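The values are calculated or read from the model by the stated rules, or taken from the named source; none is laboratory data. Everything quoted here is computed from the prediction, not taken from an experiment. Here the Cβ is made from the backbone with ideal geometry for all residues, glycine too, and neighbour counts use every protein chain on show.
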């Protein structure tokens, strides 16, 4: 007979439900005191891409295409699910700061958010099943300038956007003689609000105007993965892997609002001058792919290199391409090592240490310049003493953009903290 260990499900289920609210939550851009991270480049496409990988992979430079671990979930390549040995619950949070530099001035901002939630279940000796929620992109920017118009005086213009995309999915994989195939299939959802504000700053009776476009976006989305593992001499393991996401369509519902208001000293008179009918359209996401190579030794080290690319010139919003987007790529090198996994006397020798570096091009293409970025990562996993559960931490420090051609340079620091709990859902009883 087998005993089902359900005591782990309810707490994680609550975390998963509240996580959906935390990831999907948005707020209006009209609040100038918002403490969220201000990212000017997030105004293009559906926002800046977010890293929803677990803390292990973030500490290794995100070399995800050919990485597997029997105690953690690599949701970036679903083929890795077939290597799971225990039921695994994972959750992570990320805090980040960003320093923007332009025209000799700097501005610092930051944020903290839920990063990922996953449940991985080995369903057979060669198969695995995963349920997950991860953010895909985030839009939040708040820009302003002042212009002088004849007869109107100084006009202050503000440009803002907020929102983002998330992905709730189920994934599965099966392995045969070292070759594993897997997929993620789920629902991508989110919303964005883009607004332009203008107000006269030279008169007592100030005329203000706001033009807003609200978009609600959703649709089915899938990703495929493949991985092959073979043993070499001296207990070494060679692993190859790759992923693909074909160009896919999401449904978008758009509403447009024009709002006018007049400020008389301490009184505000506001009116919605125009409200457009809801418009249904399509958002076409670009194709992306990746591949990687790893060399590993069980319970000792794992090193690899990864290449990923996305064809952002395929992106369409309501049939219109975004001329500020270009095809992008990323190259990552990283690894992890454990000094001595069997040393019960020295705790730190059983910890896992990680490192990584990366370089790539961002999709944003402005003023004849495609933005580039680079960075370095470090991480550690601290095991609990009596089981395989672990506390994970990862640090990512990098730079993107340039101050040339009137653009903005960004320096960022991201810290991710994650937990993974392992359990056997079915345990054979010793006594009947």
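A few comments on the model shown:
- Among the residues of region 390-410, those identified as at pLDDT below 95, surrounded by fewer than 19 Cβ atoms within 10 Å (Cβ to Cβ) and over 12 Å from residue 54 (Cα atoms) are 402, 403, 404, 405, 406, 407, 409.
- Residue match in region 60-75 (condition: under 26 Å from residue 252 (Cβ atoms) and modelled with pLDDT of 90 or more): yes
- If the condition is being closer than 24 Å to residue 40 by Cα and free of Cβ contacts under 8 Å to residues at least 40 places away in the same chain, then region 97-136 contributes 104, 105, 106, 108, 112.
- Just one of the listed residues (161, 120, 178, 182) is touching a helix residue (DSSP H, G or I) at 6+ places or on another chain (Cβ under 6 Å) and under 20 Å from residue 65 (Cβ atoms), and it is 182.
- Criterion (more than 29 Å from residue 217 (Cβ to Cβ) and touching a strand residue (DSSP E or B) at 6+ places or on another chain (Cβ under 8 Å)) met by exactly one of 319, 292: 292
- Those strands (runs of 3 or more DSSP E) lying entirely in region 228-313 with at least 2 residues at pLDDT 95 or above and within 30 Å of residue 381 (Cβ to Cβ): 236-245, 288-297, 301-310
- Taking the criterion of being out of contact with any helix residue (DSSP H, G or I) (no Cβ under 8 Å at 6 or more places or on another chain) and within 16 Å of residue 48 (Cβ to Cβ), the residues of region 98-111 that qualify are 98, 99, 109, 110, 111.
- Taken as a whole, region 183-205 holds at least one residue that is surrounded by fewer than 16 Cβ atoms within 10 Å (Cβ to Cβ) and modelled with pLDDT of 95 or more.
- Going through (1) touching a helix residue (DSSP H, G or I) at 6+ places or on another chain (Cβ under 8 Å); (2) over 20 Å from residue 65 (Cβ atoms); (3) free of Cβ contacts under 8 Å to residues at least 60 places away in the same chain one by one, residue 143 falls short only on (3).
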